[in-house]
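What follows is a short report on a single structure.
The values are calculated or read from the model by the stated rules, or taken from the named source; none is laboratory data. Since this is a predicted model, take the numbers as computed values, not measurements. Cβ sites come from the backbone with ideal geometry, for glycine too, and all protein chains shown count toward neighbours. Note: areas computed on protein heavy atoms with side chains; ligands, DNA, RNA excluded. Shrake-Rupley method; radii C 1.70, N 1.55, O 1.52, S 1.80 Å.
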Amino acid sequence: MNLVELAQRIRSLRLDRHMTLEEVASRTGLTRSWLSKVENFRVTPSLPALGQIAVALNVTTSELVAGLDEKPTLVVVRKDERLVVERESSESNTTVYESLAHKRPSRSMDPFLLTVPAGVAREQALTHTGEEFLMVQQGQIEFEFDGEKHTVKAGDCIYFDSSVPHRVINSSKRTATVLCVFRGE
């Protein structure tokens, strides 16, 4: 099942219904923080929680997950069709994540194009299951991996175990663009 698409679908339905996270939380008994993590693909909801979310959004659970297992053999995502994905942005982390394969459900990899403005860093290193590949397309970043920082310039690549704490930092004065391919387990 395409869990990134599920997270995006939940967020889209909530926004289409002009509902806040607090409203969904009050209707489900789930916390606002936990729901935010679901929408930002940090937590995968259990089937009972998914049912509660569906009821709060006034859809059936089957409507919520419809088509998430389909797997077309080819999808083309044009530059103007990229989907911006919310990923825990804050005042100090304004990185933009664009999904490059959102049209293919049930994929084994998730490629994103990250646009990291000058002076931007995620507050804390994060971990998640799987592996990740980064290639700096433009500019320069510092990549912090298990507390150690590595300078990565345009054309340089990194492949790593994403269960180890990591984060991207752009301490330069230019925006950096990074191709990121995530593979969950």
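Per residue, the accessible area of the stretch 46-185 comes to 56 Å², computed with a 1.4 Å probe over protein heavy atoms only. Among the trypsin sites (Lys or Arg not before Pro) found in the stretch 99-185, those both in a DSSP coil and sparsely packed, with 13 or fewer other Cβ atoms within 10 Å of their Cβ, are 173, 174. Taking every C-alpha pair closer than 8 Å and separated by at least 6 residues, the mean separation divided by the residue count of the stretch 60-185 gives a relative contact order of 27 percent. Applying 1/(1 + (r/R0)^6) with R0 = 25 Å to the Cβ-Cβ distance of residue 118 and residue 154 gives a FRET efficiency near 0.95.
Between the stretch 65-131 and the stretch 1-34, the alpha-carbon centres lie 18 Å apart. Annotation: Cα Rg of the chain relative to the compact-globule expectation 2.2 N^0.38 Å equals 1.07. Taking 0.36 nm per residue of separation and subtracting the current Cα-Cα distance, fully stretching the chain between residue 16 and residue 175 would add 54.1 nm. Here the calculated FRET efficiency for residue 78 and residue 135, from their Cβ-Cβ distance with R0 = 22 Å, stands at 0.60, rounded to the nearest 0.05. Loop only per DSSP, at most 13 neighbouring Cβ atoms within 10 Å: give me the GluC sites (Glu not before Pro) in the stretch 110-139, ordered by residue number. Those satisfying the criteria are 123. For the chain, the fraction of 1.4 Å probe accessible surface lying on carbon and sulfur atoms is 50 percent.
For the stretch 1-58, what is the convex hull (Cα atoms) projected area averaged across all directions, in square nanometres?
3.4
With helices as the sole contributors, the chain gives -7000 deg cm²/dmol at 222 nm; each DSSP H run of n ≥ 4 counts as -39500 (n - 2.57), and the sum is divided by every residue.
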